[in-house]
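Q: The structure's right below; bear with me while I get my questions together.
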Amino acid sequence: MFRHAQLESVKAFVGDPAHAGVPLHGRIQRAIRQLILDGALEVGRPLPASRPLAQSLGVSRDTVEAAYRQLHAEGFIERQVGSGSCVSRRARLFAGANAPRRPQAAAQAPRLSARGQALHGTGGVNTVSAPRPFAPGVPETRNFPLHVWERLQREVIREHGSAVLAHSPAQGMASLRRTIADYINLERGGHATPDRVLVLTSSQQALTLCANLLLDAGDRILVEDPMYHGASRAFDAAGLRRVPIAVDAEGMQVARLQRQGHDARAVFLTPSHQFPTGAMLSLDRRLALVHWANQNDAWIIEDDYDSEFHYAGKPTACVQGLDPHERTVYIGTFTKSLFPGLRIGYMVLPSALVAPMTVARSLMDGHSPTLSQLTLARFMEAGHFGAYVRAMRGIYVARRDALLQLVRAHLSDFVVPQVPAGGMQLPCFFKPGIDEQAVLEGARQAGVALQGLTALHASRTPQPGLLLGFAAYTPVEMEMAIKPLATVLRRVTGQV
């Protein structure tokens, strides 16, 4: 029978508001099961008959019987006619299963594989659900035409019915692949066909696939210096050896590939809008890059980062469109151009890579949601995507200029801004003698989100500074954040 403390424990569990969503018999069953798991009810211990237990708990006898039947079905108790119920002999397997771990065991690091250690060691790629100035790489979502998206989604459901609830092909829905190919060819000067498009969840997934399918652990990959942190972490997790190539006003210094890239298997770059400097790879360097890759049997991994948001004329054609040898993997995403919650990115692949990349993707997460893909395809086909990007381009350039004015008004004693021709963030380099880490920590305490530039460099003498995102924030929101940032800088430099 139950001791007084055990009965009170069952009563407390049953009456706990946190369990209000569980049926009454389920609460009783879980309370008794927990006593068994904790070892408080030993093997062979008789349980109270259903009638007196029901009276003690203030419930019906049927409720207790339902709880006992479930415990019996799960093997926690044994029931015999005329003998009542008792804790099952099999409870020896259960007893103590939920006992608290020893403190020293809980503090021990888990035993991970070498690959697991590499993955954990990268620190991952942080995302923010409620961004605040000046978190970079975050698009404005408050202006998105949700009413249009909702209408198109309803049209898709009416047309396709329950088929939108089914699996999508691992390569992606045909209508979306066709629309993406048309967009790349028209807007980016690419050579894309629907059969060479692979729909993914993000550019980060594309980078992970490239790192693991195109190279082996220990292989050399040429990268920009500085470079996008999501790419560096994907490559580090795959065990690749990154070889930094300096960036100047014309992008990656491609001439250095001949000296530093003789045995490299691939090169990664963001030619349309280099992250974080904003430089655009010149045409002659693009052509030289294509020639190098063909001569060295290497892959070009082209992340067309922020290519939609170019503020001074049309951007140069993508490298993929200049490559007749099919050595280029082109990566794009709708996370920045539309909204992060969409979770749709893509690759345009050389023909020989379509099958292996699709198989690998199917092992990672199967496929992208069918309904989202069909809705996006319709959104693009109807011209809404182009109209939205044009509208946001105007908003973003105005916000870039507003941030530039704020920086010059409040931070001119501390930073030198580098005005980008496109993108969603403004690089600002510190004047000599300013401790970047102290500024980042002070800003964090002041509630200002920042990305430091030093961590994006591989060189030993990087130029410290800040990367200020502006796309997701109104001029008023940026002004409210720039003032505490100025206070932090004055404190760090001893001006207050």
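Computed from the coordinates by the stated procedures, all read-outs in this text should not be read as laboratory data. Here the structure is a predicted model, which is why all the values come from computation and not from measurement. FYI the Cβ positions are ideal-geometry reconstructions off the backbone, even for glycines, and counts take in every protein chain you see.
Q: Amide H to amide H under 5 Å from Trp299: which residues, 5+ apart in sequence or cross-chain, H placed 1.01 Å off N in plane?
A: The list, which skips near neighbours in sequence, is Ala266, Val267.
Q: Sticking with this structure for a sec: With a sphere of radius 12 Å drawn around the Cβ of Leu489, what net charge do the other residues whose Cβ falls strictly inside it have (Lys, Arg +1; Asp, Glu -1)?
A: For residues surrounding Leu489, the net value is +1.
Q: Same structure again: Can you spot the lysines whose alpha carbon is less than 21 Å from Lys483's alpha carbon? Ignore those fewer than 8 places along the same chain.
A: Lys431
Q: Using Cβ counts within 10 Å as a stand-in for footprinting exposure, how do Ile157, Ile180 rank, fewest first?
A: Ile157, Ile180
Q: Still on this structure, please answer the following. May I ask for the longest run of the chain untouched by trypsin sites (Lys or Arg not before Pro) that are loop-located per DSSP and have at most 10 neighbouring C-beta atoms (other than their own) within 10 Å?
A: Excluding the exposed sites themselves, the longest stretch runs over 143-459.
Q: Another question, if that's okay. P(r) for the chain: what percent of alpha-carbon pairs falls in each 10 Å bin, starting at zero?
A: Reading the bins upward from 0: 4, 16, 21, 18, 14, 12, 10, 5, 1, 0.
Q: So what's the back-of-envelope 222 nm ellipticity for the chain, counting only DSSP H runs of four-plus at -39500 (n - 2.57) apiece and dividing by all residues, rounded to 500?
A: Working: 19 runs with 217 residues, N = 496.
Value at 222 nm, helices only: -13500 deg cm²/dmol.
Q: Let me ask you something else. Does the range 209-251 come out rounded, prolate or oblate, given a ≥ b ≥ c as the square roots of the eigenvalues of its C-alpha gyration tensor, rounded meaning a/c under 1.5 and, failing that, prolate meaning a/b above b/c? Don't jump to the answer; show the numbers that get you there.
A: Working: a/c = 2.48, a/b = 1.99, b/c = 1.24.
It comes out prolate by the Cα gyration axes.
Q: In the chain, which whole DSSP H runs stretch at least 30 Å along their own axis (Cα) and average -1.0 or higher on the Kyte-Doolittle scale?
A: Qualifying helices, which must be both long enough and hydrophobic enough, are 384-410.
Q: Report, to two decimal places, the Cα Rg of the range 1-90 normalised by 2.2 N^0.38 Å (N = number of residues).
A: Output field value: 0.98.
Q: In straight Cα distance, which lysines are under 30 Å from Lys314, not counting same-chain residues fewer than 8 positions off?
A: By straight Cα distance, Lys314 reaches Lys336.
Q: Restricting to bridges with both residues inside the chain, how much of the DSSP beta-bridge set is antiparallel, in percent to the nearest 5? Please report the intermediate quantities before stating the final value.
A: On the way: 26 of 43 bridges.
Once the DSSP bridges in the chain are tallied, antiparallel ones form about 60 percent.
Q: Would you please classify the overall shape of the range 164-383 from the alpha carbon gyration tensor, given that a ≥ b ≥ c denote the square roots of the eigenvalues, rounded means a/c under 1.5, and beyond that prolate means a/b larger than b/c while oblate covers the rest? Provide the component values of the computation, followed by the final result.
A: On the way: a/c = 1.78, a/b = 1.38, b/c = 1.29.
Prolate is the answer for the range 164-383, as a/c is 1.5 or above and a/b outweighs b/c.
Q: Something else: Would you mind getting me the FRET efficiency between Leu186 and Ser412? Use the beta-carbon distance for r and R0 = 41 Å, nearest 0.05.
A: 0.45
Q: Let me ask another. Would the range 450-496 count as rounded, prolate or oblate if I go by the C-alpha gyration tensor, calling it rounded below 1.5 in a/c and otherwise prolate when a/b exceeds b/c, oblate otherwise?
A: Oblate shape, in that a/c is at least 1.5 and b/c is the bigger or equal ratio.
Q: When only Cα pairs under 8 Å and 6 or more residues apart are kept, what is the percent relative contact order across the chain?
A: 16 percent
Q: Considering only the other residues whose Cβ falls under 11 Å of the Cβ of Glu65, what net charge follows from Lys and Arg at +1 and Asp and Glu at -1?
A: Here the charged neighbours net out to +3.
Q: Quick one: Thr277, Thr193, Thr375, Thr270, fewest Cβ neighbours within 10 Å first, how do they rank?
A: Thr193, Thr277, Thr375, Thr270
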